[in-house]
Amino acid sequence: MKIGVPKEIAANERRVALTPDVAGRLIKGGFAVVVERGAGTAAFFPDEAYSAAGVKISDRSSVIGQSDIVLQVQAPGAGELAQYREGGGVVAFFQPVPDYVRQLAQRKLTAFSLVLLPRITRAQPMDVLSSQATVAGYKAVLLAASASGRLFPMLVTAAGTLPAARVLVLGAGVAGLQAIATARRLGAIVSAFDVRPAVKEQVQSLGATFLEMAIAEHSETAGGYAKELSEETHRKELAFLAGAAKDADIVITTAAIPGKKAPMLITAAAVQGMKPGSVIVDLAAETGGNCELTEPGSEIVRNGVAILGPLNLASTLPRDASQMYARNVAAFLGHIVQDGKLRLDFEDQIIRDTCVTHAGEVRKS
Ligand code: NAD
């Protein structure tokens, strides 16, 4: 079976779907791999490294037009779909927007969206959401540290003592936990809040304080995700977090509810109450933002508070983000391919949940 990896063409996308060592392992496992010339350059993987691993380097049209399965980070551009092999497979990390998914079906592609991967134990090695959120959570702290006028650790020096910076992390899922761990490593005093009480122990085990707010309703789904809060509880949460933000030098927000707009957690009034020189890094900028003032893709200053709304943060650490993505995607490939053929067993939850189009039909959108 021939696996194709085109160069990512979306603006600001520096990752590549397969790295040379993962490609080499696939080749040892019986796959043929063809990579577009320059596909790994922005992630610091030169063509020579792919060639040394046994990969064939080719041009874009043969990579996307002659492969059995095309592996990408971003979804194929709608304008390029005609060049994909009718009946071929595509694996990428994209939101299955209905209009676009219909176009994938018209081209008769068997397309898999890794955003839809179920968060079940046996899918963990394929969990792109987690690996890329880990990278984003780490980078968010570096951005905050760099935008802040303060040092993170407590320092006792001949020039006097500096207290440690205070970091508040909102949402303690995968990205939030990595942000907590990274801020702790830099020496900050960290506190965190999440509506799911189950994360309290995880937060504490990283050396951070879990902020407690009594929530009367059940805030977690059976699948372990957060639910949208009632209006009344949300109002209480906003007041509670405005109080917590006043004491923080840095606020990193990561709260999300799958398939919904991000919950608003820091109001404009809460920003007014923060100290000048404080920094908010809003990792939910892509889905509307957790701070009322966030401008996605921009950095603004309001009342002396810097508010950063970075997009596609994982792509800014392209080497390791690609390495993790490639391992996830290779594990996924190992699951959907058997004896050199696509195994489309829709009884299997991983295949059923991720396959958005097959044989001209839309299965998920
Ligand atoms: P996510 O990106 O959907 O959300 C981030 C965090 O925001 C979550 O912890 C959520 O509880 C929190 N949140 C939502 N609304 C909030 C609000 N109003 N106020 C404060 N916080 C709010 O989450 P994620 O990082 O993708 O992880 C979600 C769950 O999936 C976690 O339980 C995680 O442990 C689990 N998970 C399971 C697996 C697996 O078994 N394969 C892998 C990864 C994650």
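Looking only at the stretch 94-111, decide whether some residue is at pLDDT below 95, surrounded by fewer than 20 Cβ atoms within 10 Å (Cβ to Cβ), within 25 Å of the chain's Cα centre (by Cα) and within 16 Å of the ligand (Cβ to nearest atom).
Yes, the conditions are met somewhere in the stretch 94-111.
What do you reckon, is Val301 open to solvent by 70 Å² or more (accessible area, probe 1.4 Å), closer than 20 Å to Ala145 by Cα, of a type in the set (Val, Ile, Thr) and more than 14 Å from the ligand (Cβ to nearest atom)?
Taking the combined requirement at face value, the residue satisfies it.
Here are Gly24, Gly54, Gly29: which of them is on the phi > 0 side of the Ramachandran plot and either surrounded by fewer than 19 Cβ atoms within 10 Å (Cβ to Cβ) or polar (S, T, N, Q) (or both)?
Working: Gly24 fails: on the phi > 0 side of the Ramachandran plot; Gly29 fails: on the phi > 0 side of the Ramachandran plot.
On inspection, the qualifying residue turns out to be Gly54.
Cβ-Cβ under 6 Å, sequence separation 6+ or interchain: first residue in the stretch 246-263 and open to solvent by 60 Å² or more (accessible area, probe 1.4 Å), partner of a type in the set (Phe, Trp, Tyr). Which pairs?
Pro258/Tyr225
The values are calculated or read from the model by the stated rules, or taken from the named source; none is laboratory data. It should be emphasised that the depicted structure is a prediction, and the values quoted were computed from it without experimental measurement. Note that we place each Cβ from the backbone using ideal geometry, even for glycine, and neighbour counts take in every protein chain shown. Areas reflect the complete protein model, heavy atoms only, side chains present, ligands, DNA and RNA absent. Shrake-Rupley method; radii C 1.70, N 1.55, O 1.52, S 1.80 Å.
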